[in-house]
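Undergrad: Structure incoming, see below.
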Amino acid sequence: MCPTIVAANLLECVEGPQRYQKALKKTQNRSTHILVIGGGVSALITAWILLDKGYRATIVSKERASLAKPLISLIAGALWEYPPVSGVGYAEFELYQLMADRDKLIGNGLERAAGAGKFGAKMKTLFHDANGGTDVNSGVLAVLVYPKKQFNVACTYQHAAPMIDTDVAMAFLTRLVQSNGAVLETREIIGDLRLHEQELLSEYHADIIVNTSGIGAHIPLRGAVKKIKRSEGYPADHAFLLPAQMNHDGSVSKMVFIVPRNDDTLVIGSITQRNNWQLNLSLDSPEVKAIGERATEFLPVLKDAENETRSLAQGWRPFSHLNVICQWMMATR
């Protein structure tokens, strides 16, 4: 017997029982029906995982992702990020080194992955403010770019990072869960979900409720970004992120956020406004105009593109006072 066949047979001896146990568990899970509340990326991915493990899933949400009225998941890039590294704060440079190294590993697999384009994912080069630091040890962060003196940026770095066309990705995820058996229903649930628990469990013949309706519903933190046509002189594979800077007079400037959504469209931003539940911004709103002005000041090549603004997206940013609540709520199902 040749070594290849021996190895294959040994692998079957090891993995065969494991596959059987997984298949058995998946069959057993079919008896459990889970009601997923929410229509964003968190809801769809939660349903995907549940379906993959054999559970039945129904997704109930007030509205679905659409270009006409985008959900938070189509706007807020932070929802698509992998969790940050434990023990390192967002303001610490070490976090961005770790994330850059991680993105390099993800990117190596992403570029080879079949179907990545259908999901709307591509690798881009992200230029990031280094908060004045000059000690760049990571191989991914080794290339320094010229500082932007007018923005008080002393040092920047660049690294490869996955960018997702959220319009494409949300449509992909919706088709995926539907093809795997998920039932999608449009319905608004008003008030405390706990007060509707027994009613929903009974109506949908569900065993468990998973609330993925979004943390933006708790803390009113309004945000907005603009979609503009990519200028001829703007590289399609470049993204820029400049956090808020401390000005000489002690005031804090707005951030600059320029990310290619696809080959033809750039997303620029952004604004953050606490304690505001109103989604009544327009392209003529002063704070929205300021988004384009600041992006153009940072990269003058965007001047012509800014005159061809395609749309404005606004919503409540994913935010909470402490952190995301991800736990079993006692005395509930």
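Undergrad: Restricting to segment 188-214, what's the tally of residues that are surrounded by 11 or more Cβ atoms within 10 Å (Cβ to Cβ) and under 18 Å from Gly40 (Cα atoms)?
TA: 8
Undergrad: Tell me which of these Gln198 doesn't satisfy, since it passes every other one: (1) modelled with pLDDT under 60; (2) farther than 30 Å from Lys254 by Cα.
TA: Tallying (1) modelled with pLDDT under 60; (2) farther than 30 Å from Lys254 by Cα, Gln198 fails exactly one: (1).
Undergrad: Restricting to segment 233-262, name every residue that is modelled with pLDDT under 75, on the phi < 0 side of the Ramachandran plot and not basic (Lys, Arg).
TA: Initial filter on segment 233-262 (modelled with pLDDT under 75): 243-254.
Filter once more, keeping what is on the phi < 0 side of the Ramachandran plot: 243-249, 251-254.
Matches in segment 233-262: Pro243, Ala244, Gln245, Met246, Asn247, His248, Asp249, Ser251, Val252, Ser253.
Undergrad: Just to be sure, is Pro318 touching an Asp or Glu at 6+ places or on another chain (Cβ under 9 Å) and modelled with pLDDT under 80?
TA: no
The values are calculated or read from the model by the stated rules, or taken from the named source; none is laboratory data. The model shown is predicted, which means the values in this text are computed figures rather than measured ones. Methodologically, a virtual Cβ is constructed for each residue, glycine included, from the backbone with ideal geometry; neighbour enumeration extends over all protein chains shown.
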